[in-house]
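First comes the structure, then the notes that go with it.
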Amino acid sequence: MSEHGSLAHHFEDLEQQRQSADLGMWLFLITEIMFFGGVFAAYAVCRWMNPAGFSAGTQHLDVTLGTINTAVLIGSSLTMVWAVQAGHEGDAKGISRNLMLTILLGGVFLVIKGFEYRHKFHDGLVPGPLFHFEGEHVAGIELFMCFYFIMTGLHAFHMIIGIGLLMWLIVLARRGRFTKEYSNPVEGVGLYWHFVDIVWIFLFPMLYLLEH
Amino acid sequence: MGATTVPLIERTREHYLNVRYGIKSWLLTVDHKRIAILYLISITFFFFIGGAAAVVIRLDLATPQGDLVESETYNKLFTIHGIIMIFFFLVPSIPAVLGNFLVPIMIGAKDLAFPKLNLLSWYLYVIGGSFTLWAMIAGGVDTGWTFYAPYSTTYANSHVILTALGIFVTGFSSILTGLNFMVTVHKMRAPGMTWFKLPLFVWSQYATSIIMVLGTPVLAITILLIGIERLLGVGIFDPALGGDPVLFQHLFWFYSHPAVYIMILPAMGVISELISAFARRAVFGYRFIAFSSLAIAILGFLVWGHHMFVSSQSPYAGMVFSLLSFLIAVPSAIKVFNWTATLYKASISYQTPILYAFGFIGLFTIGGLTGLFLATLAVDVHVHDTYFVVAHFHYIMVGGAIMGFLGGLHYWWPKMFGKLYPELWARISAAIIFIGFNLTFFPQFLLGYMGMPRRYHIYDPEFQVLHVLSSAGASILGIGYLIPMVYFIWSLRYGKDAGPNPWQAKGLEWTIPSPPTTFNFEEPVVVVEDPYAYPTDDEPTWPQPEEAHV
């Protein structure tokens, strides 16, 4: 067996290394599911206890922007898949081109999200001491906004981490570190990126669409 | 093999401890064995801080009026005792020290699957620990280790957020350790090392890792929600604002009950190794013990509601959780019976590690059986939040987990450092720990049954006799813990060389030199032997001394 530059000292061969990295990423995503699962469970309980407030809260979210963002994220998953495919083919240029597209789409998502946040600040819908709700007060509306910010905030935080990882991959690709035999990091980050997208696929109906 | 080139090796053999020197070679190491040593030092540090808090608590409880400290300080003391002992000692103890050191060696690998991640885990642990220490120095926290809302979110005037942040960060250390172990066991086994050739210690580490990976993230999000609620004054756990405090209890115990098994399962793995090594027998019912570890890991996730029998949980939910809690006694009992069956009619060598194993079996059995009392709805209503509960979980945590940790440390110390500790002192301290432990905690069962509530600073004078007994026991226990500390450090310099296999035990770790080299194995490992392939009953079990004359 020839020594490959990317083979770490404690693995027997690249295949063992690839399988370990894959399994590691899947396990990490399971921990992420449990992490988000906790806040989803809390959301469900609070929604069940305050149906009117949560329903009223939903009315204050912008479904149009949410829908656009959903499309943008799904698009970014597509470009991510292209990048992984380019990795399998050992096409370094294809990797960095598609990763840049992914970053771009991720950036668009965050900018739109930022506008939504700004709007909520403007309307005084940010939970905490500054919260003031104009119109008829319904119990639980602040709680809904609280969950909205926690859940979308955690999601956005994961996206920012993801964008950082994508940039790191581009640097690696430019340095010629990926070959046909070795593109584990692209695949691993790809799994992570898809996971973050899927979280949004759950968040969107739960926050924006339910009882809108 | 270059047998001709190694005559000097016995004196200056290169191993993982002397391969490089200097602080940097330790702080930047990716060697699983060195990281294990880093953990050993850090958890020992936290153990003695948590222990010091316990000493003050017990001294204070010697009198019913609590003469030593203010009530407020008392609350902070039991909080810091709980937080440090659970999150910074018990949870990482066996996995991060013994597991880190042994899992790769036991399966014939050079290292864990992700060595850098392993180092990162240690740094996260240290960062989390520093936050918690900072919170202590800044004035402490008084919510109890359970952080129950709404006290922790609304009313407590102590450093809740800082402490919570420390636990949050340390949680990721635990998650990454578990993830690393799981991938390692799946992907790094040497050729021939099938699942059923794995030592039972590895099985228990694997089961523990499942809990770390699935449970700890829920604790992380729960702590995050507590922090947000405290910062912003929103009401996820506050009924006045539409939330629910019992929701917090559900989320908290969804991790924190399985966490009990994070602490006890690795100890059970250690005990399986010790029993087999000193009874010179294959463990009776290997597969039963292996699968009972997995059963405990899985069932452990379904019993959290037994912490909420009196917290407005519906009686039906209570009945289900009660039944499930009874069920978990089955795999635990399977282990105890199998260990006893292994010992039955064996030619046992009564050295220090197995003394700890005996201690474990007895104390864990008492702790486990009293757990059944608490899983019974009607009895729990009576003894809920009393010293009965305190005694129960200390029998599991101290009598079980710490006994297992110390037993394992005594068993593998010669492998880790290549030195033997003084056997007589070790036996004496094992006896002192056993006596001190029982004197400390058995009276607490009686106290609890008589109605003494836990966490009370000032108590009814009728309880004083039992409290004094308990405090006396605690001082004996404290001495018992200090002695090993002294002779272990002493042995590093003055101990006799251990040689590769001082116990004549089976297992891959005993086939390599002590201390091992950086990559553990000089030659590729191929496993053919079953684990615990000790001679059968017909053959002599111990090496016979050479007879000079007939």
- By Cβ neighbour count within 10 Å, fewest first, B:GLU72, A:GLU116 rank B:GLU72, A:GLU116
- Message: So if I average 1/r over every pair of distinct C-alpha atoms in region B:381-428 and take the inverse, what Kirkwood radius in Å does that give?
- Response: 12.9 Å
- What are the DSSP H helices in chain B that stretch 27 Å or more along their long axis, judged by alpha-carbon atoms, and whose average Kyte-Doolittle hydropathy comes to at least 0.5? B:32-60, B:115-137, B:160-187, B:200-232, B:245-279, B:352-375, B:423-450, B:464-494
- Calculated from DSSP helices alone, with each H run of at least 4 adding -39500 (n - 2.57) and the total divided by the residues of chain B, [θ]222 nm to the nearest 500 comes to -20500 deg cm²/dmol
- Item | Which listed pairs, of B:LYS33/B:LYS187; B:LYS197/B:LYS335; B:LYS187/B:LYS419, have C-alpha distances above 30 Å, in listed order | B:LYS187/B:LYS419
- Against the rule of thumb 2.2 N^0.38 Å, how large the Cα Rg of region B:420-473 comes out: 1.50
- Query: Could you give the length gained on full extension between A:PHE133 and A:GLU15, defined as 0.36 nm per residue of separation minus the Cα-Cα distance, in nm?
  - Reply: 36.7 nm
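Which whole number gives the average, over all residues in B:21-31, of C-beta atoms from other chains lying within 10 Å of the residue C-beta?
If you average over the peptide's residues, the count of other-chain Cβ atoms is 0.
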- Can you work out the base-10 log of I(q)/I(0) for region B:4-110 at q = 0.21, 0.24 1/Å, using the Debye formula on its C-alpha atoms alone? -1.07, -1.20
- Task: Take the Cα radius of gyration of the protein assembly as shown and divide it by 2.2 N^0.38 Å, with N its residue count; two decimals is plenty.
- Result: 1.01
- Query: Going highest first, how would you order B:144-156, B:29-41 by mean Cβ packing within 10 Å?
  - Reply: B:29-41, B:144-156
- Message: Relative to 2.2 N^0.38 Å, what does the C-alpha radius of gyration of region B:30-79 come to as a ratio? Two decimals please.
- Response: 1.66
- Query: Taking chain A as a Gaussian network, where each spring joins two C-alpha atoms under 10 Å apart, which residue of A:VAL72, A:VAL84, A:VAL138 fluctuates the most?
  - Reply: A:VAL138
- Task: With viscosity set to 1.002 mPa s and temperature to 20 °C, compute the Stokes-Einstein D of region A:1-152, Rh being the Kirkwood radius across alpha carbon pairs; µm²/s, no decimals.
- Result: 112 µm²/s
- Note on the structure: The FRET efficiency for B:TRP195 and A:THR67, from their Cβ-Cβ distance with R0 = 60 Å and rounded to 0.05, is 0.80
- Task: Estimate the FRET efficiency between A:VAL81 and B:VAL310 by the formula 1/(1 + (r/R0)^6), using the beta-carbon distance for r and 41 Å for R0, to the nearest 0.05.
- Result: 0.20
- Once you treat every alpha carbon in region B:236-349 as an equal point and sum by Debye, what is log10 I(q)/I(0) at q = 0.12, 0.17, 0.20, 0.22 Å⁻¹? -0.54, -0.83, -1.00, -1.12
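If you put +1 on each Lys and Arg Cβ and -1 on each Asp and Glu Cβ, how big is the dipole of the protein assembly as shown around its Cα centre, in Debye rounded to 20?
1200 debye
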- Message: Let me understand region B:345-434 better: what is its radius of gyration from the alpha carbons, and its Dmax, in angstrom?
- Response: 16.4, 53
- Note on the structure: Per residue convex hull volume, Cα only, chain B, in Å³ is 161 Å³
- Message: If I model a spin label at A:PHE202 and B:ILE479 as a point 7 Å from the Cα along the Cα→Cβ vector, what separation in nanometres do I get?
- Response: 5.6 nm
- Query: What is the average number of partner chain Cβ atoms found within 10 Å of a Cβ in A:39-50?
  - Reply: 4
- Based on alpha-carbon positions alone, could you give the equivalent ellipsoid semi-axes of region B:49-155 from the gyration tensor, as √(5λ), descending, whole Å? 35, 16, 11
- Taking the Cα atoms of region A:26-107 alone, what are Rg (to one decimal) and Dmax (as a whole number) in Å? 18.3, 54
- With bins of 5 Å, the percent of all Cα-Cα pairs of region B:276-416 per bin from 0 is 2, 10, 15, 19, 19, 13, 9, 7, 4, 2, 0
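Of the listed peptides B:268-279, B:522-533, what is their order by residue-averaged count of other C-beta atoms within 10 Å, with the highest listed first?
Details: B:268-279: 27.9, B:522-533: 13.8.
For the peptides B:268-279, B:522-533, the packing ranking is B:268-279, B:522-533.
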- Relative contact order of chain B: what whole-number percent is it, with Cα pairs under 8 angstrom and at least 6 residues apart? 17 percent
- Query: Hey, with R₀ at 56 Å, roughly what FRET efficiency would B:TRP425 and B:ALA378 work out to, going by the Cβ-Cβ distance, to 0.05?
  - Reply: 0.75
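Counting pairwise Cα distances across region B:170-211, what percent come out greater than 11 angstrom?
Tail of the P(r) past 11 Å holds 64 percent of the pairs.
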- Message: What's the whole-number percent of alpha carbon pairs in region A:98-212 lying beyond 20 angstrom?
- Response: 52 percent
- Message: For the ranges B:15-25, B:211-221, what's the packing order if you count other beta-carbon atoms within 10 Å of each residue, average per peptide, and put the highest first?
- Response: B:211-221, B:15-25
- Mind checking the mean number of beta-carbon atoms from other chains within 10 Å of the Cβ atoms in A:122-133? 2
- How high is the relative contact order of region B:363-487, given as a whole-number percent (alpha carbon pairs under 8 Å, six or more residues apart)? 32 percent
- Cα extents of region B:112-175 along the three principal axes, largest first (Å): 45, 22, 13
- Query: If a helix is a whole DSSP H run, which ones in chain A reach 30 Å or further along their own axis (Cα) and hold a mean Kyte-Doolittle hydropathy of at least -1.0?
  - Reply: A:14-49, A:63-88, A:92-122, A:141-174
- Calculated on alpha-carbon atoms, Rg and Dmax of region B:102-240 in Å: 18.8, 61
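When the convex hull of the C-alpha atoms of region B:402-550 is computed, what volume per residue in Å³ does it have?
232 Å³
Bear in mind that the values in this text are calculations on the coordinates, not laboratory data. Keep in mind that what you see is a predicted model, and the values were worked out from it rather than measured. Glycine gets a Cβ as well: all are built from the backbone with ideal geometry, and neighbour counts include every protein chain shown.
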